[in-house]
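Read through the structure below, which is laid out as structure tokens, and then see the notes.
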Amino acid sequence: MLPPAGDSVPPAPAGGLHGAFLTRFMLFWMRVLPRALCLFLARPVTLLVWLLARAPRRAVCANLKALKPEFGPLRNAHASYRVFLQFALTYLDRLSHLHFGEDVEWDVPEKARFDALREHPGGVLVFTVHSGNYDLGAAVFAQHFGRALNMVRVPERSEGLQELRAAELRGVARDNPLLHIHYNESASHLGLELCRRLEAGEAVAVQGDRVIIDVSGVEMCHDGVRYCIPRGPLVLAEIARVPVWPIFLLRLGVMRYRIHIGEPFCDGHERVRADEVGRRWLPLLHAFVSEHWDQWFVFETMLRRDSED
């Protein structure tokens, strides 16, 4: 069974996978080792983390089992390791850019859609998922977008990592004055603030694929797979009545990424209820994670097959 929507996730221990220790450990070795050696070591280190991280490994395997039922047990296990490895390589790229100033190469193949999104006269809502490099993608997008972009994040599960991440993102926002970062916290009234930003003609980017901490979720089914997705973005789309665009980020190689921009699935003119927004969004989400399952960085159980009920 999927976890009940909105279940709280307990704070992570300071030295665990969600703590700041591993990031600081990686940064130390990235300062003293050549880039090529760091990339080489990423594979055995990731294998060790994959073996030790029992709960995240099982969650990834469960999601893959629902998404790719044709995978046998051995292929499923290997596929879960590939998810961990892609995440590790993406994280190395992130640290290389934020802490060592290495340039990231971005490819935007749907230029006409990007121009249409940028030139829309009012507010726009962007749905994306946990893939590629969300923080850097938002920063690059804001640079070329030429208008205010509000990026929504969930706070990290440990105080140490949250402090580290906040410091990194303050630097990103300082270099990109059009980028505004908001944290989705249970005590905040973020929905009202995002509605205000959309009414002011700004863009808002939300992740519509993962329910953790105190985020309210809803279960929806597509192609025999039952997803637990956050309800907040769906309600925001219903209330704001602005165009909603799907955007997906992909890692192509070392410091190389692609931004895929789809056609809007809500045009902003019609009144679309939250459940209908979800029914339009879910096939796009499903198509992406089915094709690029190794770059869907969700380490909690979010999927199940209807046949598993």
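State which residue is nearest to GLU102 (Cα to Cα) when the search covers only the range 115-163 and only residues that are touching an Asp or Glu at 6+ places or on another chain (Cβ under 7 Å), of a type in the set (S, T, N, Q) and open to solvent by less than 10 Å² (accessible area, probe 1.4 Å).
So, considering only residues that are touching an Asp or Glu at 6+ places or on another chain (Cβ under 7 Å), of a type in the set (S, T, N, Q) and open to solvent by less than 10 Å² (accessible area, probe 1.4 Å), the one nearest to GLU102 (Cα to Cα) is ASN133.
Within the range 38-67, track down each residue that is over 22 Å from the mean Cα position of the chain (by Cα) and open to solvent by less than 80 Å² (accessible area, probe 1.4 Å).
CYS38, LEU39, LEU41, PRO44, LEU47, listed by residue number.
Is at least one residue of the range 74-85 aliphatic (A, V, I, L, M), open to solvent by 60 Å² or more (accessible area, probe 1.4 Å) and without any contact (Cβ under 8 Å) to a residue 60 or more places away in the chain?
Checking the range 74-85: at least one residue is aliphatic (A, V, I, L, M), open to solvent by 60 Å² or more (accessible area, probe 1.4 Å) and without any contact (Cβ under 8 Å) to a residue 60 or more places away in the chain.
What number goes with the only condition from (1) at pLDDT below 95; (2) farther than 30 Å from HIS99 by Cβ that LEU285 does not pass?
(1)
Across the range 72-101, what is the total count of residues that are out of contact with any Lys or Arg (no Cβ under 9 Å at 6 or more places or on another chain) and within 18 Å of LEU52 (Cβ to Cβ)?
5
Scan the range 164-182 and tell me whether some residue there is in contact (Cβ under 8 Å) with a residue 24 or more places away in the chain, open to solvent by less than 20 Å² (accessible area, probe 1.4 Å) and more than 16 Å from ARG94 (Cβ to Cβ).
no
The values are calculated or read from the model by the stated rules, or taken from the named source; none is laboratory data. Keep in mind that what you see is a predicted model, and the values were worked out from it rather than measured. Here the Cβ is made from the backbone with ideal geometry for all residues, glycine too, and neighbour counts use every protein chain on show. These accessible areas exclude ligands, DNA and RNA; they are computed on the full protein's heavy atoms, side chains included. Shrake-Rupley method; radii C 1.70, N 1.55, O 1.52, S 1.80 Å.
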